[in-house]
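Colleague: My questions all concern the structure below.
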Amino acid sequence: MRTPDLQAVIDLSRGGALSELSLWDEHQLLNTLARQARLDLQAAEEVLPVLLGEDGEPMDCLQDGPSLVRVEDGPTDEADFGPGEPPSSVDRLPRLAFQDRFFGEPLTLANLWRSQPPEIGDFADGAFRVERAEVVEGGVEVLLGREGPVRPAPDQEGHIRVSHHWTFSGHAPCLGRETTLINRSREPLRCRYGTSLTLNVDGVVGPSRVLRLANDRPEPMDTATERDDISALALVFADLGFEVLLRVQPAVTLFCYPVRVPAPPDDLHPQPQLRQGSPFQGLCLNLVWPMHLWGEERRRVSLELEVRNLALRARRGAR
């Protein structure tokens, strides 16, 4: 889809999510990489699990058998995390924007950061179909749909239909998505529904890049936090002259964390923050709603993404 301000690509085969969102043909807002295991020896020692023999010594080769104990590398509890990203985080899915997720319990910042949440559906990488697409008043409207199973427990399986009504404005850098969820089962369904997006332009972090939540103090763009009752937030790119405002209804629980990918030890990138470490790949936002749907009950949630020109906003505020 192309409008005067935005260009967006919906990947129907991967959850009907956005794989590209360009602003004014100048800034790619989804400029992020998925986290993968490094291939050098140092990274292998950080990421891969260790197999120990009965004597407690690491084994040279992988073997099957009841005498082996698998020890996961890295913390498993949220309280164990330090200021950096968990070293063994590897993304199971590509990082797109507005990916559907259905979660069981427990859902924590720690297991989301590790890309190991209790996922109970396959909508994040399932195929959606286009039910309608048309140009309306200079903008674009697209309706997508998919049905699939959701398993809140091993002995319980529900069936849910998800419809997305996308609107891309033809008059401003703004898009919206209204999602309708229908429990196609006769039995009630209790879970948590979420949508995930990772926003990044150029990998830069610093005082001009901040996350703003309601009336709270601005936080660094690479912050990790969990907040309840969030209905609006903004990612401010002051040095680039714009901010990305996100509004949601009803209010959500927000889980957000920085995404970094391993860099080789001899990285000579001209930007100091991208040397000798894990280059910043954006801030991952997970917006989560509690869901309790009776048989055939439906529920709607909506979100709106708007890009604001900071210079224009400042002029209007001065009047």
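Colleague: Taking the Cα-to-Cβ direction at ARG151 and at GLU296 and moving 7 Å from each Cα, how far apart do the two end points lie in nm?
Modeller: Calculated label separation equals 2.8 nm.
Colleague: Please identify which residues in the range 98-118 have an amide N closer than 13 Å to a label point set 7 Å out from the Cα of ASP125, following the Cα→Cβ vector.
Modeller: 116
Colleague: With the cut-off at 1.5 for a/c, could you classify the range 155-202 from its C-alpha gyration tensor as rounded, prolate or oblate?
Modeller: Note, shape of the range 155-202 comes out oblate.
Colleague: Using all Cα-Cα distances in the range 202-265, what percent lands in each 5 angstrom bin from 0 up to the longest?
Modeller: Spelled out per bin, shortest first, that is 4, 15, 26, 25, 15, 10, 4, 2, 0.
Colleague: Same structure again: Which value results when the Cα radius of gyration for the range 112-172 is divided by 2.2 N^0.38 Å?
Modeller: For the range 112-172, the normalised Cα radius of gyration is 1.53.
Colleague: Moving to a separate point now. Using Cα centres only, tell me the gap between the range 118-133 and the range 146-213 in whole Å.
Modeller: 10 Å
Colleague: Which length gain, in nm to one decimal place, applies between HIS27 and SER13 when the Cα-Cα distance is subtracted from 0.36 nm times their residue separation?
Modeller: Details: separation 14, 0.36 × 14 = 5.04 nm, distance 2.48 nm.
Separation in residues times 0.36 nm, less the Cα-Cα distance, equals 2.6 nm.
Colleague: Now a separate question. How large is the Kirkwood hydrodynamic radius of the range 148-236, in angstrom, based on all distinct alpha carbon pairs?
Modeller: For the range 148-236, inverting the mean 1/r across all distinct Cα pairs yields 16.8 Å.
We did not get these values from a lab; they are worked out from the coordinates using the rules stated. All figures in this text were calculated on a predicted structure; none of them were measured in a lab. A quick note on method: Cβ atoms are made from the backbone with ideal geometry, for glycine too, and the neighbour counts reach across all protein chains shown.
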